[in-house]
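Participant: The following block contains the structure, expressed as structure tokens.
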Amino acid sequence: MKNRMSLVTTLAVLCVFLVPFHVHATPENDPTVSSGKVDHHDVAGVNYPRVEQFVLGSVRVDFPGIVSWSDFRYLRAWLPVEITLAGEEGSQIGSVLVQGLTAIDFETRTVGITELEMLDTNFSPVQLTESARDLMNDVLSSRERTVALDVLLRLLPEDFSFPDQSRDTAQLNFEPPVIVISDTPLQLLSIDKEPIKAMWGNYSLEYVVNTNWNIFFSSEQGRWYVLNNGTWQSNNSLSDGGWVVTENLPPEFQSIPVNDRWQLVHDALPARLPEKDPVPFIISLQATELILTDGPVRLGPLGDTGIEYVTNTRSDLFHFDERWYVLISGRWFTNTDLLGQWQYVSHLPQVFANIEPVHEKGHVLYAIPGTRQARISLIEAALPHRTSVIEVPVAELDVTWRGEPRFTPIDLTGLERGSNTSYQVIKHNNFYYLCHEGAWYFSATADGPWQPTREIPDEIFRIPATDPAYNVTFVKPDADQEQVHGQINFSYTGGYLGNFSTGVSVVYGTGWHSPYLYYRGSASSSFYWHHVPTYGYGALYDPIGGVYGWRPGYYNPWGYSTTVSLVSPAREFVHAQGGPFQTSPGRKSDNEPISPELYQPDRVSDGTEKPVEITQSDGYQATSNLAHSLYLSSTLSSNMFSGRNGEVYKHENDEWEQYDEGNWSTMQEMQKQHRIEEPLRRPSPPASQGWLPAHKRTLSRAELDRQQLARLEGMDNYSRHRMRKESQAQADNP
């Protein structure tokens, strides 16, 4: 309760200084007055309250009070409304129970609601007149309603039941990776197991193909060469330490072809001495996470929880009760010695759930079982991403194989997985099934043509988490979506994107190492591919997008730039010489990257992790204000709420009031009048009784506070999503 109200108070105070206070929403002063079809990219399209104008009169509609959201498809909710009939004084205040068909737009983070119908009403002191009912029907049938997805998720009742995505939790790997902690600048050079070298034709220069760095070996010189942020370093062995800066490279470097794969290499030729030595690196041949601190570890109190957090790192590193705790890829690990052996934490101390959401470490709440943030992440992972394909062969879907198609048996099944293609092809009884961008296809041959299919062998959905094709088990034909002749509907959940539910939180990746494939052919035909690893890139949950994003193993207080990419579930297919071969299935190539920097709680100027004071002249200030201004003018005037049975409340002057018998009464007044002890839970009304008088169904203040927080936090999250999209658009079109 304290956590919820602290955020409400913080946001409310901020609201006063950013936007004008709109007490009443009227057609004259409310920017959300309906004006036809809603643009999902239009902020006003998701702001509430909205005033709908018709010949019969006007209706003020506020955020829905959700009753149920079956299969995330059929929404049933109470709408708090204020109806004003044309030519009549006064208005009628109450709630309308509606049901509609929903469609989630993950790109815009909105939910469109269509086919709305009125099921019931709750008005006091009298029920709706025929004219008011006709007006309400006009409102519901006038257009598609649009609500921010982040608001709906947070408005879901506490007892909302959603599909369990944790069926194979026991198969996920929770063994800790190698965790390296350094208080000096350091980088992580990852090699996928033992290094594999490929040669340039007849030249004596070879390069390592199974790494994310440019690493070369000259057999003539007997030396290794590494390109480290534009600087060449050399060593007589591929090991930690002993690397020296060099400007003397073997002449064979001139044989490296000019293409995108080797652009950084050509930019660094000829070799030259840098102004300062590059950041050193360590070499890892296994799953490794690098945690950096800016100097010796400094601890600071985490509110009044008794937990201390490391203040001079961007990693989530904590100290409590003489133990260290670190959050990596959604998994908690613990240790008594910071440099000792780490262990997986199956039961995190309950005190971690008391971290304030507004604290700079508040984002870890999404990985703390039992918190509302963790519950939201679980719901996000269960949300269906729906897609439809035409039931005809797809000529342009060209599955490329390197040589003759080859297959590898999948453990615990009778299936085989295509091993020399970047596509996810599964062989079953001499037939072939392809999972591509959230849909299933079938072919009698490994080369196609590929036909969309809803008939998928059950065996495929038994692929274990230890196999790199495990993510395809989260893509299924969608029986809930409207069936159209000649069209097949599919849906996939978070597991397809690598976000796996444990039943209590969401983690990234299976934790298992997936094998790579290397084929040593000619200089132009050699290739290598690997699956995206669970560790090594600082996977970080993005509460704005509901997915995990990654960042490199070091950050930039020392002046080096960083890049961030979308974490994708499938493998990355790379020419040994030509660079990326195929965008990963499940993610279209036009997706924008997610940058964890956009939702970090503070800004860093010199690596000290001290918050920077933001001035009006700072460009970030305008962007920050934009995020708040998108929703605050709405949430301040959005003060009408519906209970489970349509009772109406409002929040004014830090007090809750309930509408009853044509008047507004404070909760205290209602309690005195009807001798109700606070809090009082709503009893289920007998079917024969219909709706009960409002005062007999008073909600607890805690539930009302929860709904208010849901609107504030949800619209804030939606606004930050909008801000991110606008920033990306500006960066793409300066």
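Participant: Quick one: putting +1 on the C-beta of Lys and Arg, -1 on the C-beta of Asp and Glu, what dipole do you get for the range 153-282 around its Cα centre, in Debye to the nearest 20?
Facilitator: The dipole magnitude comes to about 340 debye.
Participant: Order of 403-415, 108-120, 63-75 by packing, highest average Cβ count within 10 Å first?
Facilitator: 63-75, 108-120, 403-415
Participant: Using the Karplus curve 6.51 cos²θ - 1.76 cosθ + 1.60 with θ = phi - 60°, what ³J(HN,Hα) values do you get for each residue of the range 135-152, in whole Hz, with x for Gly and Pro?
Facilitator: Whole-Hz 3J(HN,Hα) from phi for the range 135-152: 4, 5, 5, 4, 4, 5, 9, 6, 6, 6, 8, 10, 10, 5, 4, 5, 6, 4.
Participant: Follow-up. If packing is taken as the mean number of other Cβ atoms within 10 Å per residue, what is the order of 346-356, 537-547, 430-440, highest first?
Facilitator: 537-547, 430-440, 346-356
Participant: Please give the Cα centre distance for the range 244-271 versus the range 391-447, rounded to the nearest Å.
Facilitator: 38
Participant: Between the DSSP loop rule and a limit of at most 10 other Cβ atoms within 10 Å, which trypsin sites (Lys or Arg not before Pro) in the range 240-321 are left?
Facilitator: K276
Participant: Now a separate question. Count the net charge of all other residues whose Cβ sits under 14 Å from the Cβ of A287, scoring Lys and Arg as +1 and Asp and Glu as -1.
Facilitator: Here the count lands on -1.
Participant: With each pseudo-label sitting 7 Å past Cα toward Cβ, what's the F160-Q343 distance in nm, one decimal?
Facilitator: Once both label points are built, they end up 3.7 nm from each other.
Participant: Can I ask one more? Can you list residues from other chains, or at least 5 along the same chain, whose modelled amide H is less than 5 Å from the amide H of Y309?
Facilitator: G300, L302, H319
Participant: While we're on this one: Would you please give the FRET efficiency between N653 and Q221, computed as 1/(1 + (r/R0)^6) with r the Cβ-Cβ distance and R0 = 60 Å, to the nearest 0.05?
Facilitator: So, using R0 = 60 Å, E works out to roughly 0.15.
Participant: Scan the range 183-253 for GluC sites (Glu not before Pro) in coil per DSSP, keeping those whose Cβ has at most 16 other Cβ atoms within 10 Å, and list them by number.
Facilitator: Qualifying residues, ordered by number: E220, E247.
Participant: Continuing with this model, one more query. Residue by residue, what Karplus-based ³J(HN,Hα) values in Hz, rounded to whole numbers, does the range 371-382 have, using 6.51, -1.76 and 1.60 with θ = phi - 60° and x for Gly and Pro?
Facilitator: Those phi angles translate into 7, 5, 5, 5, 5, 5, 5, 5, 5, 4, 5, 8 Hz.
Participant: Follow-up. Once you place label points 7 Å from the Cα toward the Cβ at D732 and N663, how far apart are they in nm?
Facilitator: Calculated label separation equals 5.8 nm.
Participant: Karplus couplings for the range 468-473 from phi (6.51 cos²θ - 1.76 cosθ + 1.60, θ = phi - 60°), rounded to Hz, Gly and Pro as x?
Facilitator: These are the phi-based 3J(HN,Hα) values: x, 8, 4, 5, 5, 5 Hz.
Participant: Can you work out the FRET efficiency for the pair D260 and S237, with r the C-beta to C-beta distance and R0 = 30 Å, to the nearest 0.05?
Facilitator: 0.50
Any read-out appearing in this document is the output of simple, stated calculations on the displayed coordinates, not a laboratory observation. Predicted model only: the values in this text are computed from it and were never measured. Note that we place each Cβ from the backbone using ideal geometry, even for glycine, and neighbour counts take in every protein chain shown.
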